[in-house]
1. Identify all residues within the stretch 22-37 that are among the hydrophobic types (A, V, I, L, M, F, W, C) and not in a loop (DSSP other than H, G, I, E, B); write none if there are none.
2. Restricting to the stretch 176-202, give me the number of residues that are surrounded by 17 or more Cβ atoms within 10 Å (Cβ to Cβ) and in a helix (DSSP H, G or I).
3. Please determine whether any residue of the stretch 77-89 is under 12 Å from the mean Cα position of the chain (by Cα) and within 25 Å of Gly23 (Cβ to Cβ).
4. Of all the residues that make up the stretch 117-126, how many are over 15 Å from Ser80 (Cβ atoms) and touching a residue at least 24 places away in the same chain (Cβ under 8 Å)?
5. Are there strands (runs of 3 or more DSSP E) fully within the stretch 78-175 with at least 1 residues that are not assigned by TED's automatic domain parsing to the domain that holds Ala193? List them.
6. Does Leu103 fit the bill of being modelled with pLDDT of 95 or more and touching a Ser or Thr at 6+ places or on another chain (Cβ under 8 Å)?
7. Kindly indicate whether any position in the stretch 60-75 is under 26 Å from Met21 (Cα atoms), assigned by TED's automatic domain parsing to the domain that holds Leu10, aliphatic (A, V, I, L, M) and in contact (Cβ under 8 Å) with a residue 40 or more places away in the chain.
8. Pull up the stretch 38-58, narrow it to residues that are in contact with a Lys or Arg (Cβ under 7 Å, 6 or more places away or on another chain) and in a strand (DSSP E or B), then point me to the one that is nearest to Ser96 (Cα to Cα).
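The values are calculated or read from the model by the stated rules, or taken from the named source; none is laboratory data. Model, not experiment: these values are computed from the prediction. Positions of Cβ are backbone-derived with ideal geometry, glycine not excepted, and every protein chain shown enters the neighbour counts.
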Amino acid sequence: MPKPEQNHLLAALSAADLKRMRGKLELVDMPLGEVVYESGRHLDHVYFPTDCIVSLLYVLENGASAEIAVVGNEGVVGVSIFMGGETTPSRAVVQSAGSAYRLPGQVIKDEFTRGGAMQHLMLRYTQSLITQMAQTAVCNRHHSVDQQLCRWLLLSIDRLALPQITMTQELIANMLGVRREGVTEAAGKLQKAGVISYRRGHIKVLDRAKLEAMSCECYEVVRRETDRLLPIVAPH
């Protein structure tokens, strides 16, 4: 069973802070494709992923969507609760199945208001999330589908125990906000170059160094800022 400390934010808390919240943390399954929260709906909980990835998407009136950020074991889903917004125009969908620890919204608000280490940690994480969103917007506007796919793969495998993802090309296209044909072509190039293997919705990264070399600078900017703001703390 996953432990709370598998989430880097929970692992970074002091033993006293974590003990205070531990009784209110609830382990929940996060199946592939589950909508964690819908655009404009009131958020009741925050989620600390342990071994799943949640994609934050912006959905247009015509149903088209594009990913604005990914959240895994480095972060928390539902920052608008403690930032005072209560709702958000984005949709959160499980991109890679696994588990997460759920915490009632009022509890995280109380902890945030208490100040101290918990508040600083949540604010630093929110800054890293804003950086990822901003860099994604720039990447989607200025870089090729090939580069966007490399960035997306790297951000995803950074948040998983193994460098492999179960995801159809159609879903990836929805995440990137591009045509499926563009993803098919880009994935084909990566497979031909020996960077990934792709079969029946299963993508495995074979050559990470080459994948990083083929990506744009956007991945490195996000990774560096995340590492700067959120040092990985060894579990208690």
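1. The answer is Leu27, Val28, Met30, Val35, Val36.
2. 6
3. Checked the stretch 77-89: at least one residue is under 12 Å from the mean Cα position of the chain (by Cα) and within 25 Å of Gly23 (Cβ to Cβ).
4. Taking the stretch 117-126 first, the residues over 15 Å from Ser80 (Cβ atoms) are 117-121, 124.
Narrowing the set further to residues that are touching a residue at least 24 places away in the same chain (Cβ under 8 Å) leaves 117-118, 121, 124.
So the count comes out to 4.
5. 90-96, 98-104
6. So Leu103 fails the test.
7. Scanning the stretch 60-75 turns up at least one residue that is under 26 Å from Met21 (Cα atoms), assigned by TED's automatic domain parsing to the domain that holds Leu10, aliphatic (A, V, I, L, M) and in contact (Cβ under 8 Å) with a residue 40 or more places away in the chain.
8. Here is the first cut: in the stretch 38-58, the residues in contact with a Lys or Arg (Cβ under 7 Å, 6 or more places away or on another chain) are 38-39, 45, 47, 53, 57.
After this cut, where a residue has to be in a strand (DSSP E or B) as well, the list is 45, 47, 53, 57.
Values: His45: 20, Tyr47: 14, Ile53: 5, Leu57: 14 Å.
The extreme case among them is Ile53.
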